Structure formats: structure tokens, C-alpha cells
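The values are calculated or read from the model by the stated rules, or taken from the named source; none is laboratory data. Just so it is clear, the model here is predicted, and its values are computed rather than measured. Here Cβ is always computed from backbone atoms with ideal geometry, including for glycine, and neighbour counts include all displayed protein chains.
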Amino acid sequence: MSSPPPEEHPYHPQDALRQSAITAAITGGGGLATAAIKSAMSPQNIGAFGAFGRFGGHIAVWGTVGGVYGFSKAAAANLREKDDHYNSAIAGFLSGSALGIPHRSMPRIVGYGALFSVVLAVFDYTGNSLKGARKSQELDEFDRKEYLRKNRRRPLEETLAEVGEGRSIRPPGYEERRRERLRERYGFEVNPVSADPDA
């Protein structure tokens, strides 16, 4: 289902530090959950703070990845003055590279960066949702349906050429052509009955 062409809106700058803090907190929380699960599944008894002591690196790496992503996406949008999927590609490459740095391997750094870049750019391009693109909030539902009707409308001649007359498809002059066909085929005249008393 196509949507109306997007209108050009003026770009509003984003707060890169705020975005960085929000995404770092979210991904850091995910890193904390991973560290807590690894600590709980550890065969040794490492105590209540084992998630921070032994597996704290997970929290730091994932928090850094989120912070780099949030900051670089907002910074790229501010520098380009556009809010599109290219910002996600740039931010994905930088955050993926940050994930590869602890491995100290250049192929991993570039590979993680390329993987994150492609996945996040495609995710952003397709509407930031696994369920598909969200409906635009600026467009009224009636206006959206009217646009779709006009966008999908076909000329009457094309429809008649494919489907033909009859079966509740009555183009102008249909009744006269129908009467002529009946007269030729069956040999009798069809006189139309009108409900109008003045006719």
C-alpha cells in the first residue's frame, strides 16, 4: 500500500548528548541483564556483585555501543540537516565498530560496523518497526483513503475493455446498445418503462 508523498518539513536540530544518554542507558541495561544472566549461570559462586565485577565488561561495551549510536545518529542528522536512513547507516557503522574494538581485530571492527550499518539502515528505511511502516500522524484517515482512491483510479474505457458491459456496469449509452442487441438477436423491441409520470 503506497502512501502519499512526504511533504518537506524544515529540519529541527536534535540534542546529540541527550540521545546518547538515552540509548546508552537502554543498551547498558541490556548489557546489565546479560551480565546478570551470565553471573547467575556461572558454575562458581561469585556473589551478588559478580555481574559488575566479573562480567562488567558487557555492561560497559553495550553502554558504549548505544551511546555511540545515539550520539552519532543525532550528530549526522545535525550535520546533514536531514533525518533519514543514512544517519542510521553512519551511526550503525560507528557503533558496530565500537563493538568490535574489544576483540582487537581490524576485520571484526570493520565487519561488525558493516553489519550494524546495513541492518540499522534497512530497519530505519522500512519504518522502524517489524510490523511495517506506521501510518503518518499528519495525514487524516479520510485524506489518506481519498489519495489511495485517486492513485488507483483507472479510466472507464480501460475497465470496460477488460471487463465488458453488463453485470451492473452501465456506461453511457448502455440501454440503447442493449435494446439494439436484443432486437437483433431475438427480433422484438424493448420499450423502456419509466417511473417518471411526466415522461
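Overview of results
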item: Breaking point among (1) out of contact with any helix residue (DSSP H, G or I) (no Cβ under 6 Å at 6 or more places or on another chain); (2) loosely packed, with under 12 Cβ neighbours inside 10 Å, for Ala33; result: (2)
item: Any hit, region 52-60, residues being closer than 18 Å to Ser117 by Cα and free of Cβ contacts under 8 Å to residues at least 24 places away in the same chain; result: no
item: Test: residue in region 78-96 that is farther than 26 Å from Asp15 by Cβ, touching a residue at least 12 places away in the same chain (Cβ under 8 Å), part of a helix (DSSP H, G or I) and under 22 Å from the mean Cα position of the chain (by Cα); result: no
item: Of all residues in region 127-156 being over 23 Å from the mean Cα position of the chain (by Cα) and modelled with pLDDT under 75, the one that is surrounded by the most Cβ atoms within 10 Å (Cβ to Cβ); result: Leu156
item: Matching entry among Gly31, Gly57 (being within 20 Å of Leu120 (Cβ to Cβ), not in a loop (DSSP other than H, G, I, E, B) and not assigned by TED's automatic domain parsing to the domain that holds Arg152); result: Gly31
item: Residue in region 104-114 that is assigned by TED's automatic domain parsing to the domain that holds Ile22, surrounded by 14 or more Cβ atoms within 10 Å (Cβ to Cβ), assigned to a helix (DSSP H, G or I) and of a type in the set (Lys, Arg) present; result: yes
